[in-house]
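K.L.:
After the structure tokens below, expect a handful of questions from me.
The values are calculated or read from the model by the stated rules, or taken from the named source; none is laboratory data. Predicted, not measured: the structure shown is a model, and the values here were computed from it. Cβ placement follows ideal geometry from the backbone for every residue including glycine, while neighbour counts extend to all protein chains displayed. Ligands, DNA and RNA are excluded from the accessible area calculation, which covers all protein heavy atoms including side chains. Shrake-Rupley method; radii C 1.70, N 1.55, O 1.52, S 1.80 Å.
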Amino acid sequence: MEKLFLFLKKNLIWILLFGSLIGLNETFIASFDLPSHSIILSAITLALFAFARKKMPIKGSSFLVLIIALLFKINHEGMPGCTNNAFLCGPLALILLGTGFELFSSLLAKRDKNFLISISLTALFAFGIFGGIHRFSLGVWETSKFLTYTFLKAPLAIIFAGVLFFFGKLIVSYSKKIELFKTKLVFQNGLLGIVIVVLWLFGTFAEF
């Protein structure tokens, strides 16, 4: 219990930030009628889970981020683009991505190349189960759609997420050279806190 308290004391701001960013992606970005909608959303979410785990390489951290993301999504009413069951169109996909990443990143080492493996396994896991539910449990998808979703969209999401993770690492490396990011921890946390509040206000009151 003491270890959990110390972990939350040190990392709560990051859990809230990454969870809010994933929640924003799963609500705001989801509201756009984009081509390859599920690929883009899942890739961004997976990349953010990878960044969060890199920042907090401790078992259970991805699950905590997932909880915040779900709360953000629930806080914003409506599931844009839902054509079947509202639960299956939004939260279930997010739950599969979050729990999958927690599972695979916990099993693998902390090196960057294994983050890419975790991204890959999570995408195959989440897309396979999500597609299987729609095809075999609900029967609302044709077999061709299930195969396309599982064996084409999942690999594309893996590639896109990998690219985002790679370029994100470059941006983080460059940002460490900027004076703003060399300020005291209290100031940094204050800025991050403002960002989190703005994200939640946007998610609460914006209509999209």
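K.L.:
Which one of Ala93, Ala69 is within 21 Å of Ile159 (Cβ to Cβ), at pLDDT 90 or above and part of a helix (DSSP H, G or I)?
P.N.:
Ala93 is the lone residue from the list that is within 21 Å of Ile159 (Cβ to Cβ), at pLDDT 90 or above and part of a helix (DSSP H, G or I).
K.L.:
From the list Phe63, Phe49, which residue is aromatic (Phe, Trp, Tyr) and surrounded by 19 or more Cβ atoms within 10 Å (Cβ to Cβ)?
P.N.:
Answer to the selection: Phe49.
K.L.:
Applying the selection to segment 100-149, what residues are in a helix (DSSP H, G or I), of a type in the set (Val, Ile, Thr) and surrounded by fewer than 21 Cβ atoms within 10 Å (Cβ to Cβ)? Give the steps one after another, and end with the answer.
P.N.:
First, pick out the residues of segment 100-149 that are in a helix (DSSP H, G or I): 100-107, 112-137, 143-149.
Adding the requirement that they be of a type in the set (Val, Ile, Thr) leaves 117, 119, 122, 129, 133, 143, 148.
Within segment 100-149, Ile117, Ile129, Ile133, Thr143, Thr148 meet the criteria.
K.L.:
Let me ask another. Would you pick out the residues in segment 17-41 that are at pLDDT 85 or above, over 12 Å from the mean Cα position of the chain (by Cα) and more than 15 Å from Ile74 (Cα to Cα)?
P.N.:
Within segment 17-41, the subset at pLDDT 85 or above is 17-28, 37-41.
Then keep just the ones that are over 12 Å from the mean Cα position of the chain (by Cα); that gives 28, 37-39.
His37, Ser38, Ile39, listed by residue number.
K.L.:
Hey, does segment 163-180 have a residue that's in a helix (DSSP H, G or I), crowded, with 18+ Cβ neighbours inside 10 Å, touching a helix residue (DSSP H, G or I) at 6+ places or on another chain (Cβ under 9 Å) and at pLDDT 85 or above? Lay out the reasoning, then the answer.
P.N.:
Just the residues of segment 163-180 that are in a helix (DSSP H, G or I), to begin with: 163-175, 179-180.
Retained after the next criterion (residues that are crowded, with 18+ Cβ neighbours inside 10 Å): 164-165.
From what is left, the residues that are touching a helix residue (DSSP H, G or I) at 6+ places or on another chain (Cβ under 9 Å) are 164-165.
Filter again for at pLDDT 85 or above, leaving 164-165.
Yes; the residues of segment 163-180 include at least one that is in a helix (DSSP H, G or I), crowded, with 18+ Cβ neighbours inside 10 Å, touching a helix residue (DSSP H, G or I) at 6+ places or on another chain (Cβ under 9 Å) and at pLDDT 85 or above.
K.L.:
Residues that are modelled with pLDDT of 95 or more and touching a Lys or Arg at 6+ places or on another chain (Cβ under 7 Å): does segment 120-127 have at least one? Write out each step before concluding.
P.N.:
Residues of segment 120-127 modelled with pLDDT of 95 or more: 120-127.
Cutting the leftovers down to touching a Lys or Arg at 6+ places or on another chain (Cβ under 7 Å) gives us 127.
Within segment 120-127 (the criterion being modelled with pLDDT of 95 or more and touching a Lys or Arg at 6+ places or on another chain (Cβ under 7 Å)), the answer is yes, since at least one residue qualifies.
K.L.:
Also: Hey, Phe101 hits all of (1) over 15 Å from the mean Cα position of the chain (by Cα); (2) at pLDDT 95 or above but one; which does it fall short on?
P.N.:
Only one criterion is unmet by Phe101, namely (1).
K.L.:
In contact with a Pro (Cβ under 9 Å, 6 or more places away or on another chain) and open to solvent by 20 Å² or more (accessible area, probe 1.4 Å), is that true of Leu34? Outline the logic, then answer.
P.N.:
Details: in contact with a Pro (Cβ under 9 Å, 6 or more places away or on another chain): no; open to solvent by 20 Å² or more (accessible area, probe 1.4 Å): yes.
No; evaluated as a whole, the condition is false for this residue.
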